[in-house]
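> Dumping the structure here so I can ask a few things about it.
What follows draws every value from the coordinates through simple rules; no lab data is involved. As the structure is a prediction and not an experimental result, all values here were calculated from the model. Here Cβ is always computed from backbone atoms with ideal geometry, including for glycine, and neighbour counts include all displayed protein chains.
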Amino acid sequence: MLVTYLEASRDLCETDSILFGAALAVCRIIGAKLPVAGRATQKSSAIPAWRKRIEDRIAKARALIGRLTSFRSGNNRPRIMRTVRMAFAGTNISLFQPDITQKLTERIDDLKQKIAAWGEADSTI
């Protein structure tokens, strides 16, 4: 019976639907449980991967801004210090140099500009 339907199918999408229906019928006959999220049509309502990546970047940048601001206001707890060191890794900036406040402000402003750009890219696409 399946051969008749497959020969009559006009395109790949229709073939996919026929095969899925056949698999579903077999699973119902043998009593197998099917995962509900396994169907491609249900994934269409999910957040696209590119948007999720942009949102993750923005969240990480905001967290970094919060920790840099906290360090700038005098918080030198180990977790904050570790994050600030990582933020300036690869540069010749010491956390104890006299103009560190200026460098922190520049880094925070840079991150804010990146967040604004990522937000624009997210809304225009």
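> Determine, for 123, 94, 17, the number of other Cβ atoms within 10 Å of each Cβ, and report the residues in order from fewest to most.
123, 94, 17
> Tell me what the chain gives for mean residue ellipticity at 222 nm when only DSSP H runs of n ≥ 4 count, each as -39,500 (n - 2.57), the sum divided by the residue total, rounded to 500 deg cm²/dmol.
So the helix-based figure for the chain works out to -23500 deg cm²/dmol.
> Can you pull the semi-axes for the chain, root of five times each eigenvalue of the Cα gyration tensor, sorted largest first, whole Å?
Largest first, the chain gives 56, 17, 11 Å.
> Here's something else I'd like to know. Taking the Cα atoms only, what angle lies between the long axis of helix 49-72 and the longest principal axis of the chain, rounded to 10 degrees?
20
> I've got another one for you. Before anything else, pin down the relative contact order of the stretch 49-124: Cα pairs under 8 Å, at least 6 apart, normalised by residue count, whole percent.
Relative contact order here is 44 percent.
> Using only Cα atoms, tell me the angle between helix 100-124 and the longest principal axis of the chain; keep it within 0 to 90° and round to the nearest 10.
Approximately 20 degrees, to the nearest ten.
> Run down the lysines and flag those whose C-alpha is under 23 Å from the C-alpha of residue 103, throwing out any fewer than 8 positions away in its chain.
List returned: 60, 112, 114.
> Determine ³J(HN,Hα), in whole Hz, for all residues of the stretch 78-88 in sequence, where each value follows from phi through the Karplus function 6.51 cos²θ - 1.76 cosθ + 1.60 and θ = phi - 60°; x replaces Gly and Pro.
Those phi angles translate into x, 5, 5, 4, 4, 5, 5, 4, 5, 5, 9 Hz.
> To the nearest 10 degrees, how steep is helix 12-30 against the longest Cα principal axis of the chain, on a 0 to 90 scale?
Tilt of helix 12-30: around 80 degrees.
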